[in-house]
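Here is the structure we will look at, set down as structure tokens.
The values are calculated or read from the model by the stated rules, or taken from the named source; none is laboratory data. Keep in mind that what you see is a predicted model, and the values were worked out from it rather than measured. We place every Cβ from the backbone using ideal geometry, glycine too, and count neighbours over all the protein chains shown. Remember, those area values only see protein heavy atoms, side chains included, never the ligands or the DNA or RNA. Shrake-Rupley method; radii C 1.70, N 1.55, O 1.52, S 1.80 Å.
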Amino acid sequence: MKKTIVLLGPPGAGKGTQGEKLTDEFGYTRLSTGDMLREAVRNKTELGMKAKEYMDAGALVPNDLIIGLMNEKIKEVSGGVLLDGFPRTVEQADALGKVMDVDLALDFDVPDEVLISRLTQRRSCPDCNAVYHLVTKKPAKEGICDKCGAKLYQRDDDKEETVKNRLEVYHKNTRPLIDYYQKKGVLTVIPSDGDINAIFETVKKAIQ
Ligand code: AP5
């Protein structure tokens, strides 16, 4: 099974959803820069204070902050690891290549028009980071996380205007990583405009 996997794809493509399933079924450690940054913002840490204005605008947090954060986290993991939301720029990918070999990059491919409705109807758990959707993945009890019982919330950056900006930022800065990992021979594209469980079956084949 592939050990180090990068999850690529635009906002709302299903990186968190499929990453959560891989973690539950195969025990991967999921390192999500988005989850780490949101926790830092909630706890008002120095990193959180610096990151907040970028996140609220749907912009990327500066590379030096992110690379430092991930280098620390990567040192702590052993076993299979999923990198969700990192790298997001060629500079971040080069920095990652210096500390870790990537075995597989999964590109979750979804048309932009589908993403806006996915994100504006997403609900997230602040405690365990589980992800829900008002239509396609409802929690058993409305507004409550199935896994840990916390109250679900809507992310600040899931408002339509911010989502549009995040998509532009993705196309400009992160989409080039598809070519980057294709050239390294580790890219697999996962068509991801379909049923969550059917997509997971494709993901499971790709990680073997
Ligand atoms: P981050 O948290 O990483 O956000 P993102 O990449 O924009 O991705 P999302 O979490 O929005 O989407 P996802 O692909 O995980 O989709 P999900 O599974 O939740 O980053 C947030 C911000 O932090 C950035 O804007 C930036 O400011 C900063 N940041 C983070 N990393 C950074 C970095 N490396 N460098 C610089 N800045 C960084 O699914 C979405 C919804 O769709 C859910 O409701 C889900 O239930 C539903 N859904 C999923 N799959 C399906 C399906 N197949 N069918 C129907 N619905 C589905």
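The table for this structure:
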{"quantity": "Counted residues, the range 117-139 - those being under 17 Å from I196 (Cα atoms) and not basic (K, R)", "calculated": "12"}
{"quantity": "Helices (runs of 4 or more DSSP H) contained entirely in the range 146-208, each with at least 1 residues that are away from the ligand (no atom under 14 Å from the Cβ)", "calculated": "176-183, 196-207"}
{"quantity": "Residue in the range 71-81 that is under 30 Å from E160 (Cα atoms) and modelled with pLDDT of 95 or more present", "calculated": "no"}
{"quantity": "Contacts under 6 angstrom Cβ, first residue in the range 186-201 being touching a residue at least 12 places away in the same chain (Cβ under 8 Å), partner open to solvent by 50 Å² or more (accessible area, probe 1.4 Å), 6 or more apart", "calculated": "V189/D109; I190/T202; P191/D109; S192/D109; F200/K21"}
{"quantity": "Per-region count, the range 85-125, residues assigned to a helix (DSSP H, G or I) and out of contact with any strand residue (DSSP E or B) (no Cβ under 9 Å at 6 or more places or on another chain)", "calculated": "16"}
{"quantity": "Residue selected from the range 49-59 under the condition within 11 Å of the ligand (Cβ to nearest atom) and not in a loop (DSSP other than H, G, I, E, B), by the criterion surrounded by the fewest Cβ atoms within 10 Å (Cβ to Cβ)", "calculated": "E53"}
{"quantity": "Failed condition for V102, given (1) out of contact with any Asp or Glu (no Cβ under 8 Å at 6 or more places or on another chain); (2) at pLDDT 95 or above; (3) within 12 Å of the ligand (Cβ to nearest atom)", "calculated": "(3)"}
{"quantity": "Neighbours by Cβ (under 6 Å, 6+ apart or cross-chain): first from the range 34-59, closer than 22 Å to E161 by Cα; second at pLDDT 95 or above and in a loop (DSSP other than H, G, I, E, B)", "calculated": "G34/G85; A51/V61; Y54/V61"}
{"quantity": "Hits in the range 60-84 - residues which are among the hydrophobic types (A, V, I, L, M, F, W, C) and not in a helix (DSSP H, G or I)", "calculated": "L60, V61, V77, V81, L82, L83"}
{"quantity": "Checking N129 against (1) modelled with pLDDT of 95 or more; (2) surrounded by 12 or more Cβ atoms within 10 Å (Cβ to Cβ); (3) outside any helix (DSSP H, G or I), the condition it does not meet", "calculated": "(1)"}
{"quantity": "Whichever residue in the range 162-192 is surrounded by 19 or more Cβ atoms within 10 Å (Cβ to Cβ) and touching a Pro at 6+ places or on another chain (Cβ under 7 Å) and, among such residues, is farthest from L60 (Cα to Cα)", "calculated": "L177"}
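Yes/no per residue for (1) under 18 Å from A13 (Cα atoms); (2) surrounded by fewer than 16 Cβ atoms within 10 Å (Cβ to Cβ); (3) under 16 Å from the mean Cα position of the chain (by Cα):
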{"position": "D107", "(1), (2), (3)": "yes, no, yes"}
{"position": "V114", "(1), (2), (3)": "yes, yes, no"}
{"position": "R118", "(1), (2), (3)": "yes, no, yes"}
{"position": "S124", "(1), (2), (3)": "yes, no, yes"}
{"position": "H133", "(1), (2), (3)": "yes, no, yes"}
{"position": "P139", "(1), (2), (3)": "no, no, no"}
{"position": "E160", "(1), (2), (3)": "yes, yes, no"}
